[in-house]
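Notes follow the structure.
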Amino acid sequence: MNNTGSISNRAASGKKPRLVLFDFDGTLTSGDSFGAFLWYSVSPGSLISGCFRLLFQLPGLLFALPKIRAERAKAAILHIYFGGKTRQALQEMGLRFYQNRLKTMLRPQLLETLRQYRDAGDTVVLVSASVDIWLQAFCDIERIALICTMLAYEQDVFRGAFATPNCNREEKARRIREAYDLHSFSTIIAYGNSSGDKAMFDLATEVWFCSPNGLEKVF
């Protein structure tokens, strides 16, 4: 189902804007951007050696609670492959990844839908568990807001820690409520593709589920 034809210009009509929330991986993209970024940015030899370093951290990860496990695993991977790099170096890596690889993973129908909401004067936000290294490049180019898992820097150098909790499940909803007064919008529309988006869906008045076969309006 395609809803792009129904998006009117809210700013021109003077109506209250809509808040439109988009998940990224599997929703706006046809695959996982985290894995694609690793394959694009790290040499095969470094990937293999990093896997051996990860093995030593497995016991601690396996005994952690699922929510903590996912966050620690993501932080461990980023630390091994990108720890010690400057903020500027990572931003440049993210931009190159977007220009040379990520563009090919974007789903044209969903990207066009996002742009129509943006051009209609609505508040469009990307809400993702992925990290800001490459998501910020995408959001800057598309001129939309970003809520995601943010890297922490010490004197502009990444040391392997996050500045925010992993932005998934309940954390997505918490960050959205923290950033926006939901009562100031006429409608809240959410696009997602997994159980990780359920808490975000619960905030919405209109939900679209994105599958490989297209869009389905849930309510």
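The values are calculated or read from the model by the stated rules, or taken from the named source; none is laboratory data. Since we're looking at a predicted model, the values are computed, not measured. Don't worry about glycine lacking a Cβ; one is built from the backbone with ideal geometry, like all the others, and counts go over all protein chains shown.
Among residues of the stretch 195-214 being of a type in the set (G, A, S) and in contact with a strand residue (DSSP E or B) (Cβ under 9 Å, 6 or more places away or on another chain), the one that is modelled with the highest pLDDT is A204.
Residues that are under 27 Å from Q99 (Cβ atoms) and part of a strand (DSSP E or B) do occur in the stretch 181-194, at least one of them.
Of note, K217 satisfies the criterion of being basic (K, R) and at pLDDT below 95. Report yes if some residue within the stretch 202-219 is of a type outside the set (A, V, I, L, M), more than 26 Å from Y98 (Cβ to Cβ) and surrounded by 15 or more Cβ atoms within 10 Å (Cβ to Cβ); otherwise report no. Scanning the stretch 202-219, I find at least one residue that is of a type outside the set (A, V, I, L, M), more than 26 Å from Y98 (Cβ to Cβ) and surrounded by 15 or more Cβ atoms within 10 Å (Cβ to Cβ), so the answer is yes. Applying the criterion of being basic (K, R) and in a helix (DSSP H, G or I) to the residues of the stretch 94-146, the residue that is surrounded by the fewest Cβ atoms within 10 Å (Cβ to Cβ) is K103.
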